[in-house]
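This report concerns only the one structure given below.
Just so it is clear, none of the values below were taken in a lab; they were calculated from the coordinates. In this text, all values refer to a predicted model and were calculated from it rather than measured experimentally. Note that each Cβ is placed from the backbone with ideal geometry, even for glycine, and that neighbours are counted across all protein chains shown.
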Amino acid sequence: MNDLIPLARGLYGIWLREVMRAVRDRGQLIGGVSRPLIWLLILGIGLNPYFRGEVYGEVRFVIPYTYLQFLFPAVIVLNIMYTSILFAVSVIWDREFGFLRAILVSPVPRGLILLGKILGGSTIATAHGGLVLILARFADITLSWSQVGLALLLMFGLSFGLTSFGVILAARVRSFEGFGVFSNTIILPLYFCSSSIFPLDPSLTRAQTAALYPEWLVFLVEINPITYAVDALRGVLINFHQFDPRLGPAVIIGLAVAFFFIAWLDFRRR
Amino acid sequence: MTPHTASGIEIVHLSHAFAGRKVLDDISLSIEEGTSVALLGPNGAGKTTLMNILCALIKPDSGRVMLDGVDLARQPDAIRRRIGAVFQDPSLDTRLTAWENLEFNGLVYGLPRRERARRIDEVLDLVELGDWRDEIVKGFSGGMKRRLEIARALMHQPRILFLDEPTVGLDPQTRARIWSYLEHLRTHRNLTQLITTHYVEEVAGHDRICIIDRGKLLANGTPEELRARHGTSMIRCMPRDAETEAALRAAYPDIRSLAGGRLGVALASPDMLDAFLATYGTRLRQIQIDEPSLETVFLSLTGRELRDRAPGDDTAAGVGEQAI
Ligand SMILES: Nc1ncnc2c1ncn2[C@@H]1O[C@H](COP(=O)(O)OP(=O)(O)O)[C@@H](O)[C@H]1O
Ligand SMILES: [Mg+2]
């Protein structure tokens with residue numbers, strides 16, 4: 001027991017440093033605030049009228065939500081994806097500027113160093129996701145405290161998995177150079193293929209869906225784990241699911257466990 | 001049953017290779033508690049690799065290390081609490097303040113809040129950075145960062161302190177200041193210190209000096225012992241023309257080629273100098289005679305000048321030089 005308190009302090013210290021760093025990082029904060037505003041204000045409002053089939057005189061979709069409501073949970077996921085995956089920058093920073101050695105000579109075990117960093121990154125990503133919740137009123141979504149709590153829990157799970165993924169990326173990237181690439185080759189494709197900005201209507205049969213969308217796109221959406229994270233948040237925030245409601249939490253937990261494990265294997269090896 | 005091992009540092013038959021290339025070759029060294037040892041060697045000698053092994057950052061291929069009576073391979077975690085390290089490359093978080101860097105260190109070493117507060121004041125005082133505690137480290141000068149790193153390494157009151165080229169790139173005043181902090185720690189806290197450097201003029205004040213080159217430990221002793229054992233007077237000269245150079249090489253078979261086309265001749269006796277000057281005195285462009293010094297010890301052990309990379313920087317080599 002007496003051994004655990006110093007270790008807990010170590011974990012806290014590593015977590016705290018990540019959080020402090022994020023609070024001071026104006027650029028990251030500005031991104032976290034402006035990104036949801038742009039997506040909701042411009043894309044959301046712009047496409048809102050076109051979301052229903054009846055615009056063309058024929059009701060084709062039976063989703064009883066506005067586009068803003070439909071998009072809202074996905075924008076939370078987008079904000080989390082950016083912050084989590086770009087957490088790789090922090091890991092590379094530690095490595096390139098030598099701070100990592102200062103941590104590695106300390107008595108904090110490797111696994112705990114990794115956990116502290118990832119918890120720190122997940123906290124920041126969850127906060128950035130939580131920022132979006134402030135705009136809920138604006139998207140015509142009313143939330144109870146229990147909905148907010150449940151949403152934050154899912155957001156934290158997703159942040160943990162994706163932050164671990166960022167750490168895994170960092171171990172495979174040699175320098176800072178590859179960063180613009182991250183958002184264009186990883187974050188945005190995953191986001192667009194997660195049924196975030198267009199629905200796969202659950203009331204349609206497979207054949208009907210296939211008539212509306214090409215097979216490959218449906219396939220991409222269905223194998224993309226982010227799809228189920230978005231679906232889980234939609235379930236909590238607007239009570240709408242496109243898939244089995246159990247899938248979302250299962251995928252989020254699965255990602256968190258699998259990616260943390262891989263990150264740990266990487267870290268132990270070096 | 002473990003045999004009683006003295007505290008301090010005990011390195012036994014340590015070897016390490018990177019990608020098949022031997023970087024440390026059968027190093028054995030024992031350092032008594034409370035003493036300071038300077039590890040002197042040129043760039044690439046293997047000093048940093050040795051430090052990394054002693055800090056348990058890399059595992060050696062073979063050999064054993066005992067620190068403060070504890071086997072490094074068996075109980076790395078027990079050892080981490082007893083050692084402090086100042087790395088060759090900077091390792092502060094420059095986005096945090098001095099205080100935050102130290103607080104972070106106090107946390108990862110598991111110190112309680114009050115203890116952290118007390119020790120932060122203490123170490124900041126020691127390195128005279130008390131007025132800068134709430135400033136972001138990014139704005140610090142190189143010397144201030146170095147001093148803060150030393151303060152950080154002392155936060156958890158280690159028994160052994162490793163410093164890898166702590167004074168490289170700093171101005172003379174800052175260097176002198178750093179040596180005086182270390183001296184203070186040695187005499188007041190019985191702290192064992194292992195310090196690497198490639199500045200020969202910095203090693204004379206240490207209890208022992210080890211000379212390392214190409215991964216091998218070439219000499220180990222007090223400064224006086226080394227001067228007595230390996231020190232010779234040296235002539236360093238630059239022949240006027242190729243003819244003279246050929247004549248010199250023929251006359252002195254063990255002559256050494258130095259940087260910048262100069263030659264080095266070890267002087268066995270004072271008569272030899274007279275003979276040398278009588279014959280070649282007028283055929284040289286430049287000559288300098290070095291009394292036995294740590295510099296000439298290094299030269300005679302390794303056949304190289306420590307400052308191979310900085311020709312013409314002879315004035316900095318300091319001790320016992322006379323230019324003619
Ligand atoms: N991680 C590494 N991988 C491969 N070679 C290395 C590594 N670290 C050091 N070396 C090599 O080992 C030798 C000794 O390096 P180092 O210990 O840094 O010397 P010093 O600190 O005395 O300048 C050098 O030739 C260097 O290139
Ligand atoms: Mg070095």
## Note on the structure
Rounded to the nearest 10, the angle in degrees between the Cα long axis of helix A:110-133 and the longest principal axis of the Cα atoms of chain A comes to 30 degrees
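Report the calculated FRET efficiency for A:THR209 and A:ALA258 (r = Cβ-Cβ distance, R0 = 35 Å), to the nearest 0.05. Working shown, then result.
Working: r = 29 Å, r/R0 = 0.82.
Step by step, r from the Cβ atoms, then E = 0.75.
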### Message
Explain nothing, just the number: relative contact order of the range B:93-215, from Cα pairs under 8 Å at least 6 residues apart, as a whole percent.
### Response
24 percent
### Query
If you project the alpha carbons of the range B:137-200 onto the principal axes, what extent comes out on each, in Å, largest first?
31, 29, 17
### Summary
Amide H neighbours of B:ILE31 at under 5 Å, excluding residues fewer than 5 places away on the same chain, with H built from the backbone geometry, are B:ILE9, B:GLU10, B:ILE11
### Query
With springs only between Cα atoms under 10 Å, which of A:PRO245, A:PRO225, A:PRO189 fluctuates most in a Gaussian network model of chain A?
A:PRO189
### Task
Could you order peptides B:200-208, A:72-80 by the average number of other Cβ atoms within 10 Å of their residues, highest first?
A:72-80, B:200-208
### Top positive-direction residue, dipole computed over the range B:7-222 with Cβ charges, set B:ILE31, B:LEU154, B:VAL65
B:VAL65
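Note down the relative contact order for chain B as a percent, whole number, built from C-alpha pairs under 8 angstrom at least six residues apart. Please report the intermediate quantities before stating the final value.
Values: 573 pairs, mean separation 61.3, N = 324.
Relative contact order, chain B: 19 percent.
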## Note on the structure
Applied in sequence order to the range B:243-251, the curve 6.51 cos²θ - 1.76 cosθ + 1.60 (Karplus, θ = phi - 60°) yields integer Hz couplings, x standing for Gly and Pro, of 4, 4, 4, 4, 5, 4, 5, 6, 6
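With +1 on each Lys and Arg Cβ and -1 on each Asp and Glu Cβ, and nothing else charged, work out how big the dipole of the protein assembly as shown is about its Cα centre, in Debye to the nearest 20.
Details: 62 positive and 61 negative charges, 261 e Å.
Computed about the Cα centre, the dipole is about 1260 debye.
What's the whole-number percent of alpha carbon pairs in the range B:7-222 lying beyond 22 angstrom?
Values: 11358 of 23220 pairs.
When every Cα pair of the range B:7-222 is considered, 49 percent fall beyond 22 Å.
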### Task
Enumerate the calculated ³J(HN,Hα) couplings along the range A:243-257 in order (Karplus 6.51 cos²θ - 1.76 cosθ + 1.60, θ = phi - 60°), each rounded to whole Hz, writing x wherever the residue is Gly or Pro.
10, 3, x, 6, 4, x, x, 4, 5, 4, 5, x, 4, 4, 5
### Query
What's log10 of I(q)/I(0) for the range B:231-302 at q = 0.11, 0.15, 0.28 Å⁻¹, Debye sum over Cα points only, no solvent?
-0.23, -0.44, -1.52
### Message
So if each residue of separation counts as 0.36 nm, and I subtract the Cα-Cα distance between A:LEU265 and A:LEU220, what length gain in nm does that give?
### Response
13.3 nm
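Could you compute the net charge surrounding B:PHE298? Neighbours are other residues with a C-beta less than 9 Å from the C-beta of B:PHE298; K and R count +1, D and E count -1.
Values: positive: B:ARG304; negative: B:ASP213, B:GLU295, B:GLU305.
After counting each charged neighbour, the total is -2.
Please compute the contact order of the range B:1-80 in relative form: average sequence separation of alpha-carbon pairs under 8 Å and at least six residues apart, divided by the residue count, as a percent. Please report the intermediate quantities before stating the final value.
Details: 121 pairs, mean separation 28.7, N = 80.
Contact order relative to length: 36 percent.
Stick to Cα atoms and the Kirkwood definition of Rh, then tell me Rg/Rh for chain A. Could the numbers behind the result be given before it?
On the way: Rg = 19.9 Å, Rh = 19.7 Å.
On the Cα set of chain A, Rg over Rh gives 1.01.
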### Query
Among rounded, prolate and oblate, which fits the range B:59-167 when a ≥ b ≥ c are the square roots of the eigenvalues of its C-alpha gyration tensor, a/c under 1.5 means rounded, and a/b larger than b/c means prolate?
prolate
## Note on the structure
Taking a ≥ b ≥ c as the square roots of the Cα gyration tensor eigenvalues, with a/c under 1.5 meaning rounded and otherwise prolate when a/b beats b/c or oblate if not, the range B:1-86 comes out prolate
### Message
Suppose the Debye formula is applied to equal point scatterers at every Cα of the protein assembly as shown; what is log10 I(q)/I(0) at q = 0.09 Å⁻¹?
### Response
-0.82
### Computed magnitude of the charge dipole of chain B (debye, nearest 20; Cβ of K, R +1, Cβ of D, E -1)
860 debye
### Query
From the residues B:ASN52, B:VAL137, B:VAL108, which one has its Cα farthest along the dipole of the range B:7-222 in the positive direction, the dipole being from +1 and -1 charges on Cβ of Lys/Arg and Asp/Glu about the Cα centre?
B:VAL108
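Based on the alpha carbons, how large is the Rg to Rh ratio for the range A:98-197 when Rh follows Kirkwood? Each step should come with its number before you reach the end.
On the way: Rg = 16.9 Å, Rh = 16.1 Å.
Ratio of gyration radius to Kirkwood radius: 1.05.
Note down the magnitude of the dipole of the range B:231-302 about its Cα centre, charges +1 on Lys and Arg C-beta and -1 on Asp and Glu C-beta and zero elsewhere, to the nearest 20 debye.
On the way: 7 positive and 9 negative charges, 50 e Å.
Here the size comes out at about 240 debye.
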### Query
Under the classification rounded if a/c is under 1.5, otherwise prolate if a/b is larger than b/c and oblate if not, where does the range A:111-270 fall, given a ≥ b ≥ c as square roots of the Cα gyration tensor eigenvalues?
oblate
### Message
Give me a comma-separated list of calculated 3J(HN,Hα) values for the range A:4-10, in order, Karplus coefficients 6.51, -1.76, 1.60 applied at θ = phi - 60°, integers in Hz, x for any Gly or Pro.
### Response
6, 4, x, 5, 4, 5, x
